[in-house]
Amino acid sequence: MIRKILMSSLLILLLSCQNNNKLIIPLESKIFGLATPIYLNQNKTIIHLSDFIINVAEIDSIKADSNLVLDISADKQQLTIETKNNFLPKLSSLNIWSDGFRYDILVKKSRKVNYNIQFDAKGKKYSSVQITGDINGWNPKATNLENNNGIWEKEISLNPGKYSYQVVLDGEWMLDTNNKDSVDNNNGGFNSLMKVGNFNPELSPELYTNNYNDNEINITSNSKISKFYAFWQNYELDKNFVKIIKNTISIKIPDEAKKIKRSFIRVWAYNEQGVSNDILIPLNYGKVMSNSKEIIRSDKQALVMYFLMVDRFNNGDKNNDHPLKDTNILPKANYFGGDITGIVQKIEQGYFSDLGVNTIWISPIAQNPLGAYGEYPKPHTKFSGYHGYWPISSSKVDYRFGTQKEVENFINVAHKDNFNVLLDYVSNHVHQNHPLYKNHPDWATSMYLPDGTRNLEKWDEYRLTTWFDTFLPTLDFSKSEVVDLMTDSAVYWIKTFDFDGFRHDATKHIPEVFWRTLTKKLKLQIPKNKALYQIGETYGNRDLIGSYVNSGELDAQFDFNVYDDAVAVFANDDQSFLRLKNSILQSFLYYGNHNLMGYITGNQDRGRFISYASGDLLFNEDAKKAGWTRKIEVTNPVGYKKLASLIAFNMTIPGVPVIYYGDEIGMPGGNDPDNRRMMRFDNLKPEEAKLKEITTKLIFLRRNNLSLIYGDSKILEASDKTFVYARKYFNKVSIIVFNKDNIEKNISFNIPEQFENRKLKTSFNAEFNIEKNIISVKLPANSFEILTN
């Protein structure tokens with residue numbers, strides 16, 4: 001009887017708490033940050049449970065939709081999820097009980113469809129036919145077709161969308177002669193274009209932030225929804241907190257949110273047409289964020305990053321200038337003298353704060369070799385390690401950049417001025433002079449393949465074992481001691497210097513066990529109030545890139561697929577905005593509408609965008625050779641306008657915008673090392689000064705408009721020459737309009753009801769008019785406008 005009374009009392013207490021906007025949650029969550037959604041495969045999906053609950057021994061039980069079969073390994077490390085039938089809804093939730101409390105994680109049903117790839121040989125005889133492209137990371141060996149009476153074919157599973165590819169006939173790459181659809185490859189050639197399934201995400205329901213008060217948030221949908229999921233942090237909100245009337249979802253803010261500086265409401269929905277965009281609403285001690293002044297340094301969606309190469313940015317201390325005295329090194333490949341002191345000087349002079357960025361990403365600063373390595377044929381030269389990517393130590397600061405105390409001072413000065421600092425960290429390889437390799441040569445992969453050929457630069461075919469050069473051994477992360485040593489080294493840099501995160505070099509060449517081990521160590525050893533940001537570098541398709549982005553590995557990677565399409569569209573007159581529209585919608589489906597992916601203006605491995613845009617660098621030439629054999633300048637001022645448009649695009653889409661040093665003034669250049677010229681701060685040309693002014697204004701708009709940080713997104717129009725999209729955060733609206741034509745255009749477009757606002761104003765003085773639900777904007781050639789309220 002006593003037990004029944006106690007249970008009844010507890011039930012009454014729980015119901016009472018629920019009715020008072022209270023959640024029953026632990027004092028400290030077992031999940032770090034926001035749990036990323038689980039994307040199911042078609043049949044079987046393996047989940048690493050420590051991605052979510054670090055100490056898996058604390059997991060009590062797990063529950064999921066009845067159409068899924070769950071199998072937990074005996075050690076609780078892995079959860080295998082199998083799809084039982086076709087009745088699984090597009091969205092569901094996984095419930096994990098730990099120490100008596102429930103945590104909820106969104107589950108997304110696989111979007112993949114079976115697609116039969118065919119190639120008609122038309123009577124010709126081939127011993128092998130392969131497909132290489134976006135579908136397999138450009139690795140022909142991954143997709144071998146089978147001969148069926150002259151029709152070579154293979155069925156594979158792909159997400160609906162468009163994929164670039166080529167056929168490989170007896171080892172020779174070429175366009176698919178049976179397919180007339182092709183796309184520019186940004187290298188002076190073309191790839192065939194494969195269209196899979198019905199890719200039209202715009203038919204899915206669209207959610208928009210509508211209004212709020214201190215206790216409740218209202219979200220609207222443009223169409224009827226079958227079901228929705230609302231989360232506060234990692235707790236699904238039940239009927240005591242949410243309700244839907246017609247197309248409006250009302251969400252009560254839990255009282256527990258008032259105790260936390262920053263927490264989030266997240267919402268997804270679906271109907272027969274598909275899954276909606278995701279909603280992300282930041283709360284400031286339980287109240288909806290209403291002003292950009294409430295943003296703090298650790299708010300990842302608000303990051304605006306500046307990437308600089310230490311040696312090429314600013315020489316603040318000539319006493320540590322030690323270029324290699326080797327006649328085999330041409331000046332471009334030697335040390336220029338930039339250092340940590342030079343970066344501190346620019347912080348104190350206000351360069352970064354005046355520009356508006358809030359995060360500084362620096363190239364690697366670990367000790368590099370004292371000699372010259374590598375070789376370029378014509379003009380003949382060797383290279384120094386000025387870039388920092390050839391470590392001979394994984395813990396010492398390169399004396400040519402500064403001392404440990406100078407690095408500590410740099411971080412302190414940056415933090416005092418409210419800047420984050422990311423360190424570029426090299427894990428994949430070491431230099432042959434690194435003690436790790438000298439003492440343990442067996443800790444590296446073999447430079448030779450079984451057939452005796454060298455495993456060099458086979459980026460996709462042998463991506464986890466290939467060497468970058470003969471003097472750069474790739475580490476063998478199948479050995480646990482190598483994983484432990486290199487992850488400990490990475491943690492050392494955070495603990496010793498208080499960096500705010502990493503840019504990880506060569507991410508796809510390192511197995512996922514490394515990333516999971518590193519992220520787990522960071523969660524356990526770094527204070528929980530320090531929100532680290534980890535972003536990786538992977539060139540490949542979205543499946544590969546996205547596989548590293550989850551709660552147990554990285555926050556983000558650079559979205560090189562969108563970058564490649566943006567470069568093609570903004571630099572080339574003949575590339576349509578439809579290509580960019582398709583690309584950004586694809587990325588939303590893979591990474592989410594509020595992703596933390598990096599969107600770059602350029603980097604140290606590509607020719608400068610402005611040189612392509614001005615026509616001084618051609619897409620069909622060797623950009624590295626061009627940088628060595630001629631002086632590349634900006635001879636056509638249209639390049640500055642096109643670069644401004646690219647920057648405007650990056651600053652107004654979801655994700656983390658990244659300025660590559662010098663792009664704010666339009667520094668030209670071919671590929672490495674010409675794209676790594678010494679930064680210039682003075683004696684700017686009028687066009688350079690103007691571009692810097694525009695860049696500064698764009699960063700200001702980004703950082704001071706919540707619609708551009710947390711806003712919902714909708715593409716309103718896309719054509720060959722014009723592109724219009726809108727961002728909305730409750731009553732805050734931004735509308736972005738591009739004209740890439742070489743003539744002035746009057747661009748008219750309809751505004752959906754959710755985005756209507758009569759108080760819009762221009763940011764760059766374009767003429768515009770609003771009549772009923774139609775906006776007309778007059779834009780000069782190669783320009784843009786941002787309308788805000």
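Plugging the Kirkwood radius over Cα pairs into Stokes-Einstein for segment 671-789, at a temperature of 20 °C and a viscosity of 1.002 mPa s, what D comes out in µm²/s? Could you put the intermediate results ahead of the total?
Values: Rh = 15.8 Å.
The estimated diffusion coefficient comes to 136 µm²/s.
Which lysines, if any, have their Cα less than 17 Å from the Cα of Lys625, not counting same-chain residues under 8 positions apart?
Hits, sequence-local ones excluded: Lys332, Lys378, Lys382.
Using a probe radius of 1.4 Å on heavy atoms only, what accessible surface per residue do you get for the chain? Whole Å² is fine. It would help to have the intermediate numbers written out before the result.
On the way: 33090 Å² over 789 residues.
Ligands and nucleic acids excluded, the result is 42 Å² per residue.
Mind checking which aspartates and glutamates have their Cα closer than 18 Å to the Cα of Lys124? Skip sequence neighbours fewer than 8 apart in that chain.
Glu146, Glu153, Asp170, Glu172, Asp176
What net charge do the residues around Lys109 carry, taking every other residue with its C-beta under 14 Å from that of Lys109, with Lys and Arg at +1 and Asp and Glu at -1? Intermediate results must be reported in sequence, preceding the final value.
Values: positive: Lys44, Lys84, Lys90, Lys108, Arg111, Lys112, Lys227; negative: Asp65, Glu82, Glu272.
Result for the neighbourhood of Lys109: +4.
Kindly rank 148-155, 690-697 from highest to lowest mean number of other beta carbons found within 10 Å of each residue. Intermediate results must be reported in sequence, preceding the final value.
Numbers: 148-155: 13.2, 690-697: 18.1.
In descending order of packing, they fall as 690-697, 148-155.
Taking 0.36 nm per residue of separation and subtracting the Cα-Cα distance, what length does fully extending Asn187 through Ile25 add?
Values: separation 162, 0.36 × 162 = 58.32 nm, distance 5.42 nm.
Length difference between fully extended and current span is 52.9 nm.
For segment 208-274, compute the number of Lys pairs whose alpha carbons are separated by less than 20 Å, excluding pairs fewer than 8 positions apart on the same chain.
Number of lysine pairs found: 10.
Note down the net charge around Tyr373, summing +1 for each Lys or Arg and -1 for each Asp or Glu among other residues with Cβ under 14 Å from its Cβ. Could you put the intermediate results ahead of the total?
Working: positive: Lys382; negative: Asp326, Glu375, Asp469.
Residues close to Tyr373 contribute a combined charge of -2.
In the chain, with Lys and Arg counted as +1 and Asp and Glu as -1 at Cβ, which of these residues, Tyr306, Ile735, Gly356, has the Cα nearest the positive end of the dipole, that is, farthest along it?
Positive-end residue among those listed: Ile735.
Per-residue HN-Hα couplings for segment 430-441, Karplus 6.51 cos²θ - 1.76 cosθ + 1.60 at θ = phi - 60°, whole Hz, x for Gly and Pro?
Once θ is set to phi - 60°, the couplings for segment 430-441 become 10, 7, 4, 8, 5, x, 4, 6, 5, 8, 9, x Hz.
Pairs Lys141/Lys195; Lys631/Lys761; Lys109/Lys508: which exceed 32 Å Cα-Cα? It would help to have the intermediate numbers written out before the result.
Numbers: Lys141/Lys195 21 Å; Lys631/Lys761 42 Å; Lys109/Lys508 25 Å.
As for pairs spanning more than 32 Å Cα to Cα, those are Lys631/Lys761.
What shape does segment 464-562 take by its C-alpha gyration tensor, where a ≥ b ≥ c are the square roots of the eigenvalues and a/c under 1.5 counts as rounded, a/b above b/c as prolate, and the rest as oblate? Walk me through the numbers before you get to the answer.
Numbers: a/c = 1.79, a/b = 1.19, b/c = 1.51.
The shape class here is oblate.
Calculate the dipole size of segment 661-789 relative to its Cα centre from +1 charges on Lys and Arg beta carbons and -1 charges on Asp and Glu beta carbons; express the result in debye to the nearest 20. If you can, show how the numbers build up before the last one.
Values: 21 positive and 18 negative charges, 89 e Å.
Charge dipole of segment 661-789: 420 debye, to the nearest 20.
Between Asn55 and Lys261, take the C-beta separation as r, use R0 = 35 Å, and let me know the FRET efficiency to the nearest 0.05. Could the numbers behind the result be given before it?
Numbers: r = 25 Å, r/R0 = 0.73.
The value I calculate is 0.85.
Going by a ≥ b ≥ c, the root eigenvalues of the Cα gyration tensor, does segment 295-346 fall in the rounded group (a/c under 1.5), the prolate group (a/b larger than b/c) or the oblate group?
Prolate is the answer for segment 295-346, as a/c is 1.5 or above and a/b outweighs b/c.
In Å, what is the Rg of the alpha-carbon atoms in the chain, and how long is Dmax?
Rg and Dmax of the chain, Cα atoms, are 26.8, 93 Å.
Asn144: net charge of surrounding residues, Cβ under 14 Å, Lys/Arg +1, Asp/Glu -1, itself excluded?
Details: positive: Lys141, Lys154; negative: Glu146, Glu153, Glu155, Asp170, Glu461.
My count for the surroundings of Asn144 gives -3.
Run the numbers for Gln349 and Thr629: contour at 0.36 nm per residue of separation, minus the present Cα-Cα distance, in nm.
Numbers: separation 280, 0.36 × 280 = 100.80 nm, distance 3.62 nm.
Length gained, Gln349 through Thr629: 97.2 nm.
Could you name the lysines in cross-link range of Lys438, using Cα to Cα under 21 Å and dropping any fewer than eight places away on the same chain?
Once the sequence-local lysines are set aside, what remains near Lys438 is Lys396, Lys479.
Using just the helices of the chain, give the 222 nm mean residue ellipticity in deg cm²/dmol: DSSP H runs with n ≥ 4 each add -39,500 (n - 2.57), and the total is spread over all residues, rounded to 500.
For the chain, the value works out to -6500 deg cm²/dmol.
Using only alpha-carbon positions, what ratio does the radius of gyration of segment 145-201 give when scaled by 2.2 N^0.38 Å?
Working: Rg = 12.9 Å, N = 57, 2.2 N^0.38 = 10.2 Å.
In units of the 2.2 N^0.38 Å rule of thumb, it is 1.26.
Using a 1.4 Å probe over the heavy atoms of the protein chains, calculate the carbon and sulfur portion of the accessible area of segment 192-294 as a whole percent. Mind showing how you got there, number by number?
Details: 2030 of 4560 Å².
That fraction is 44 percent.
Which value, in debye to the nearest 20, describes the size of the charge dipole of the chain about its Cα centre when Lys and Arg Cβ atoms bear +1, Asp and Glu Cβ atoms bear -1, and nothing else is charged?
Working: 94 positive and 91 negative charges, 370 e Å.
Dipole size: approximately 1780 debye.
Along Cα→Cβ, 7 Å out, is where each label goes; now give me the distance between the ones at Asn620 and Arg454 in nm to one decimal.
Inter-label distance under the simple model: 3.2 nm.
Whole Å is fine, so just give me how far the alpha carbon centre of segment 134-162 lies from that of segment 263-328.
With segment 134-162 and segment 263-328 each reduced to a Cα centre, they are spaced 37 Å.
Considering only Cα-Cα distances, which of the following residue pairs are longer than 20 Å: Lys44/Lys581; Lys293/Lys697; Lys641/Lys692? Walk me through the numbers before you get to the answer.
Numbers: Lys44/Lys581 32 Å; Lys293/Lys697 17 Å; Lys641/Lys692 12 Å.
Table pairs above 20 Å Cα-Cα are Lys44/Lys581.
Hey, can you rank 448-458, 108-118 by average C-beta count inside 10 Å, highest first?
On the way: 448-458: 11.3, 108-118: 16.0.
Peptide ranking by packing, descending: 108-118, 448-458.
Please list the radius of gyration and Dmax for segment 28-156, considering alpha-carbon atoms only, with Å as the unit.
Both quantities, over Cα of segment 28-156: 20.5, 68 Å.
What's the center-to-center distance, using Cα atoms, between segment 735-786 and segment 349-367 in Å?
Between the Cα centre of segment 735-786 and that of segment 349-367, the gap is 34 Å.
Out of residues 5 or more away from Phe502 or on other chains, whose amide H comes under 5 Å of its own, with H placed 1.01 Å from N in the peptide plane?
Close amide H contacts, sequence-distant or interchain: Leu423, Tyr533, Gln534, Ile535.
Expressed in nm², what is the orientationally averaged projection area of the convex hull enclosing the Cα positions of segment 490-637? Don't skip to the end; give the middle numbers.
Details: hull surface 44.7 nm².
Approximately 11.2 nm², given one-decimal rounding.
Roughly speaking, to the nearest percent, how much of segment 379-490's 1.4 Å accessible area is carbon and sulfur? Mind showing how you got there, number by number?
Values: 2360 of 4840 Å².
C and S atoms contribute 49 percent here.
In a Debye calculation with equal point scatterers on the alpha-carbon sites of segment 331-437 and no solvent, what is log10 I(q)/I(0) at q = 0.21 Å⁻¹?
Summing over Cα pairs of segment 331-437 leads to -1.11.
Which entries in the list Lys112/Lys728; Lys90/Lys112; Lys108/Lys714 go over 20 Å, if you measure between the two C-alpha atoms of each? Numbers along the way, then the final one.
Values: Lys112/Lys728 30 Å; Lys90/Lys112 12 Å; Lys108/Lys714 22 Å.
As for pairs spanning more than 20 Å Cα to Cα, those are Lys112/Lys728; Lys108/Lys714.
When the accessible area of segment 700-767 is computed with all protein chains present and a 1.4 Å probe, what percentage of it is carbon and sulfur? Walk me through the intermediate numbers first.
Working: 1170 of 2830 Å².
Taking all protein chains in place, segment 700-767 shows 41 percent carbon and sulfur surface.
Using only alpha carbon pairs under 8 Å that are at least six residues apart, calculate the relative contact order of the chain and give it in whole percent.
On the way: 1673 pairs, mean separation 71.1, N = 789.
Rounded, it is 9 percent for the chain.
Kindly rank 265-273, 613-621, 553-561 from highest to lowest mean number of other beta carbons found within 10 Å of each residue. Walk me through the numbers before you get to the answer.
Numbers: 265-273: 20.9, 613-621: 18.3, 553-561: 24.0.
Taking the mean over residues of other Cβ atoms within 10 Å, the ranking is 553-561, 265-273, 613-621.
The values are calculated or read from the model by the stated rules, or taken from the named source; none is laboratory data. Note that the structure is a prediction, hence the values are computed from the model and not measured. With ideal geometry, Cβ positions are generated from the backbone for all residues, glycine too; neighbour counts draw on all protein chains shown. In case anyone asks, the SASA skips ligands and DNA or RNA and just uses the protein heavy atoms, side chains included. Shrake-Rupley method; radii C 1.70, N 1.55, O 1.52, S 1.80 Å.
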